[in-house]
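**Q** Please read through the structure below; I'll follow up with questions.
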Amino acid sequence: MEIPNVADKWSGSVSEITLGATRDSGGSRQRTITIGGAKSVPFMNFEGNPGHKPVVAMDVYDIPPEDWPETLAKPFADVLNDPAQWAKKCVEQYGADLICLKLEGIHPDKGDKGADHAVKVVKSILAAVGVPLLIWGCEHDEKDNEVMPKVSQAAKGENCLMGVVTQDNYKTLTATCLADGHSLITLAPVDINIAKQVNILVSEMDFPLNRIVMFQSTGALGYGMEYTYSIQERERLAALTGDKMMSMPVICDVGHEAWRTKEAKSDDSEVPQWGPSEERGPIWETITAVSLLQSGVDIIRMNHPRAVATVKKCIDRLY
Amino acid sequence: MALTGLDIYKLLPKTNCKKCGRPTCLAFAMQLAQKKANLSDCPDVSEEAKKVLGAAAAPPIKLVTVGTGARQVQVGEENVLFRHEEKFYHPTGVAVTIHDDLSEAVFNDRLKKINSLKIARVGTEIEIDLVALINKSNNAEKFAEAAKKVSGGSHLNIILSSASAENMKAALATCAEKRPLIHGAHTGNCESMAAVAKEKNCPMTVTASTLEELADLAERAKKAGVEEIILDVSGDNPKEVLQKLTKVRRAALKKNFRALGFPMIVFVCDEDPFQEVSLASTYLLKYAGIVAVNACESWAIMPLLTARTNIFTDPQKPIQVEPKLYAVGDAKEDSPVLFTTNFSLTYYTVEGEVEASRIPAFILSVDTGGTSVLTAYSGDKLNDKVVAKAMADAQVETKVKHKKLIIPGLVAVMSGKLQETLGWEILVGPREASGLPSYLKTVWRA
């Protein structure tokens, strides 16, 4: 029996962004990464180009993370004090496509370190690895506005992905990224209308649309994952139907959110009925990631090597 | 394809008699199109209209029931491709496999383990739905014996899987009253398997390697008298499986293609349980009616069931917890009292952090209609009077000896008024729940 053709025809597409710059284009990266470009809903290449394969950015912190449970800290035990070696391990041993440097230590409550510290860490990571870099502030507006411009200048020409700007605090970082040739992450927590609004605000400063990545904050599996899922699904459909202000690639912060959950971080003695944390933690991160992939994600921030390996293999098999 | 209001109007008497309770036939037609009215409200409707509208009203994806009674699994009858368009109605059934060629001890152990896959998290118990018994031995007697054991030894619904109609008949004879799902019909045995299913009025799957063959096979099963059909789209290539799931759902919903208008089942099998559960979750999110896995550990099943809970949540309705006073840990009369809203996501986040602090405490969940702290405050669903009423309803002053209330940092602005209304000392807590452990350990203890 003949089956009706169910391929949808889309007029729009997700915009394409290249991150990182090699020596030829003014940077020092050994390779660049291109994301976005989808002209179909995720993984449905029978109706159009599914775009570039989603990539995994592994988190590296500028200071040793305080609240990581044993299961998560173990694979990094030898490098938690050394962001450059940490980044190297993620790329060389664990297959990270990108490194996401989280500048936790500059937060007023978490060390209040200054721009010198941040610049030093950024430079050491750029020297240690050849992949493109994401640089994520501490999400404290004043402190980010003080430190991030200096970080941006120090990495000038490397085409890093810098974050995050919000509708209340976007001018400083947008202007710096524009001047130093970086791309930008716009944040609107679980709100599709504000998501569009931030993109408009940033683009009104003449920031090119094809250098923006959207972030809607991420709900972990069991903790609001479905909110993130539906917003991202709506954004992807809006991009495909031609809404230019919604056509940016999307990033998710899966690692941090998944490892905050009771299911991932509890000791075995607290929850014996849930099974060993060695399995329980990494699989919680894995399933948060693979679930969100179905809604349309281009970059996933992740932590545990086993989760990273599983998700990358799963992407390869579905793509 | 769904009929529009105008299509329906053309089939009505057009007398505007108002007997249906609507001012005009057109108004009635519009409500019919939106499924807000029943055709039976019109006493003068023609037989022809009944036929046309009846056929159009049949759900594009058939509802299939596996099992009986309160635990039965119902899948199908979905209306949308994306949950934000409406909602997903019938949660994917989760099955765990067991083979009939296992030694008795191993079989019993595994069945016991499968039976115990009930997991309590954030205040509810989630559980798998089915055991899938696989006729690995290819032997009718062994299969029947195992089916009898599963039927007698498990509260779960049953899938019987065998390529042989003879074996199926033998196994079904031991557990037909449980109304198991018959799995194993393919192009070579469709009619004989259908006869077995039909005799006991059981639902049946059909398996084929392409969607074209699958549609043919579903028609054959229907002709052979099986009403409730599930399409098996399992395969070795995950990309193909995922695309088939989408193609079938779209064909049914967007093209009203009846031959594929059935729910789907996927058997997922991978040596690596991480990979297996990743694929099973993916299929569950994208339209599988039933997923069957080999993984049988609580750590593997819990995320799969949680993904199901998340995706089948009604997106229009904030989920709420009962507004009352909750004791976390061994809370006593000198323990801290905090309040938050009854939006479940908010409440469970707060509860999780309080639990993590290991300081026993009382959490008062204030009824804000299931909205978060800021939303409730802006909508005036959270003010000093609402909190005072919640405190009184829960008789908080009889539970603790002190008069100190910790309030969410996001509504610090209401502390003055609240202090006046309640006569309690107001302590402003952290803005984010994640700050609670350090707040309770330092500020509260100090």
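Here, each number is a calculation from the coordinates, and none is a lab measurement. Given the structure is predicted, the values throughout are model-derived calculations rather than measurements. Positions of Cβ are generated from backbone atoms using ideal geometry, with glycine treated the same way; all protein chains shown enter the neighbour counts.
**Q** Could you tell me what a quarter of the Cα convex hull surface of chain A works out to, in nm² with one decimal place?
**A** Details: hull surface 69.3 nm².
Averaged projected area of chain A's Cα convex hull equals 17.3 nm².
**Q** Take every DSSP beta bridge whose two residues both sit in chain A, then give the antiparallel share in percent to the nearest 5.
**A** Beta bridges within chain A, antiparallel portion: roughly 15 percent.
**Q** Using 1/(1 + (r/R0)^6) with R0 = 45 angstrom and r between the beta carbons of B:E85 and B:S192, what's the FRET efficiency to the nearest 0.05?
**A** About 0.65, to the nearest 0.05.
**Q** Between the alpha-carbon centers of the stretch B:125-184 and the stretch B:323-340, tell me the distance in whole angstrom.
**A** So the separation of the two Cα centres works out to 48 Å.
**Q** Turning to a different aspect of this structure: Beyond 30 Å, what share of the Cα-Cα pairs of chain B remains, rounded to the nearest whole percent?
**A** The proportion of pairs with Cα distances above 30 Å equals 58 percent.
**Q** In addition: Add -39500 (n - 2.57) for each DSSP H run of 4 or more in the protein assembly as shown, then divide by its residues: what number comes out at 222 nm, to the nearest 500 deg cm²/dmol?
**A** -12000 deg cm²/dmol
**Q** Give a quick list of GluC sites (Glu not before Pro) in the stretch A:28-101 that DSSP marks as loop, anything other than H, G, I, E or B, with at most 15 other Cβ atoms within 10 Å.
**A** A:E66
**Q** May I ask you to list the trypsin sites (Lys or Arg not before Pro) in the stretch B:336-390 that are in a DSSP loop and have at most 10 other Cβ atoms within 10 Å of their Cβ?
**A** Loop-located and lightly packed - none at all.
**Q** Cα to Cα, under 26 Å, and not fewer than 8 places away if on the same chain: which lysines meet these conditions relative to A:K196?
**A** Qualifying lysines at Cα under 26 Å: A:K9, A:K39, A:K53, A:K102, A:K143, A:K171, A:K244, B:K87, B:K317.
**Q** How about the stretch B:371-446: which GluC sites (Glu not before Pro) there lie in a loop by DSSP and see at most 14 other Cβ atoms within 10 Å? The partial results should precede the final answer.
**A** Details: sites: B:E397, B:E420, B:E425, B:E432; in loops: B:E432.
The qualifying sites are B:E432.
**Q** Which percent, to the nearest 5, of DSSP beta bridges fully inside the stretch B:325-444 are antiparallel? Let's see the in-between values first.
**A** Details: 4 of 15 bridges.
Taking every DSSP beta bridge within the stretch B:325-444, about 25 percent pair in antiparallel fashion.
**Q** Hey, another quick one. Rounded to the nearest 10 degrees, what's the angle between the helix B:165-175 long axis and the longest principal axis of chain B, both from Cα atoms, 0 to 90?
**A** With both axes taken from Cα atoms, the answer is about 40 degrees.
**Q** Give the order of B:V241, A:V14 when sorted by the count of other beta carbons within 10 angstrom, beginning with the fewest.
**A** By the 10 Å Cβ count, ascending: B:V241, A:V14.
**Q** Quick check for me: using +1 on Lys/Arg Cβ and -1 on Asp/Glu Cβ, what's the dipole size of the protein assembly as shown about its Cα centre, in debye to the nearest 20?
**A** Roughly 1620 debye for the protein assembly as shown.
**Q** So for the pair B:Q395, B:S415, with labels modelled 7 Å out along Cα→Cβ, what separation do we get in nm?
**A** In this crude label model, B:Q395 to B:S415 measures out at 3.1 nm.
**Q** Name the long-range amide H neighbours of B:G261: under 5 Å, sequence gap of 5 or more, or other chain; modelled H, no Pro or chain starts.
**A** Residues meeting the amide H criterion: none.
**Q** Hey, another quick one. Calculate the FRET efficiency for B:K18 and B:K254 from the Cβ-Cβ distance with a Förster distance of 41 Å, rounded to the nearest 0.05.
**A** 0.70
**Q** Among B:K254, B:K87, B:K51, which one moves the most in a GNM of chain B with springs linking Cα atoms closer than 10 Å?
**A** B:K51
**Q** Quick one: 3J(HN,Hα) in Hz for the stretch B:280-289, Karplus 6.51/-1.76/1.60 with θ = phi - 60°, rounded, Gly and Pro as x.
**A** Each residue's phi maps through the Karplus curve to give 4, 5, 4, 5, 4, 5, 10, 5, 5, x Hz.
**Q** Something else: Using the Karplus curve 6.51 cos²θ - 1.76 cosθ + 1.60 with θ = phi - 60°, work out ³J(HN,Hα) for each residue of the stretch A:254-268 in order, rounded to whole Hz, and write x for Gly and Pro.
**A** My calculation for the stretch A:254-268 gives 7, x, 4, 5, 5, 7, 7, 7, 4, 4, 8, 9, 5, 5, 4 Hz in order.
**Q** I'd like the antiparallel share, as a percent to the nearest 5, of DSSP beta bridges with both residues in the protein assembly as shown.
**A** 20
**Q** Further, regarding this structure: Angle between the Cα long axis of helix B:190-199 and the longest principal axis of chain B, 0 to 90 degrees, nearest 10?
**A** That helix lies at roughly 70 degrees to the long axis.
**Q** Same structure again: With the crude spin-label approximation of a point 7 Å out along Cα→Cβ, what separation in nm comes out for B:K239 versus B:T124?
**A** Result: 3.6 nm between the two label points.
**Q** Put +1 on the Cβ of each Lys and Arg and -1 on the Cβ of each Asp and Glu in the stretch B:5-57; which of B:Y9, B:T24, B:C42 then has its Cα farthest toward the positive end of the dipole?
**A** Selected residue: B:T24.
**Q** Among B:L304, B:L427, what is the fewest-to-most ranking by other Cβ atoms within 10 Å?
**A** B:L427, B:L304
**Q** Moving on. Roughly what would the spin-label model give for A:R23 and B:D101, points 7 Å off Cα along C-beta, in nm?
**A** Result for the modelled spin labels: 6.0 nm.
**Q** Amide H of B:G93 versus every other amide H placed in the peptide plane: which residues, excluding those fewer than 5 positions away on the same chain, fall under 5 Å?
**A** B:I290, B:V291
**Q** If you don't mind, there's one more thing I want to ask. Sort A:I33, B:I230, A:I212 so that the residue with the fewest other Cβ atoms within 10 Å of its own Cβ comes first and the one with the most comes last.
**A** Neighbour counts put them in this order, fewest first: A:I33, A:I212, B:I230.
**Q** Which lysines, if any, have their Cα less than 19 Å from the Cα of B:K113, not counting same-chain residues under 8 positions apart?
**A** In chain and number order, the partners are B:K148, B:K149.
**Q** Give the long-range amide H neighbours of B:A185: residues separated by 5 or more places, or on another chain, with amide H under 5 Å away, using H modelled in the peptide plane at 1.01 Å from N.
**A** B:T205, B:T207
**Q** Same structure, new question: Can you work out ³J(HN,Hα) from phi for every residue in the stretch A:189-195, in order, using Karplus 6.51 cos²θ - 1.76 cosθ + 1.60 and θ = phi - 60°, giving whole Hz and x for Gly and Pro?
**A** Karplus-based 3J(HN,Hα) across the stretch A:189-195 equals x, 6, 9, 6, 6, 5, 3 Hz.
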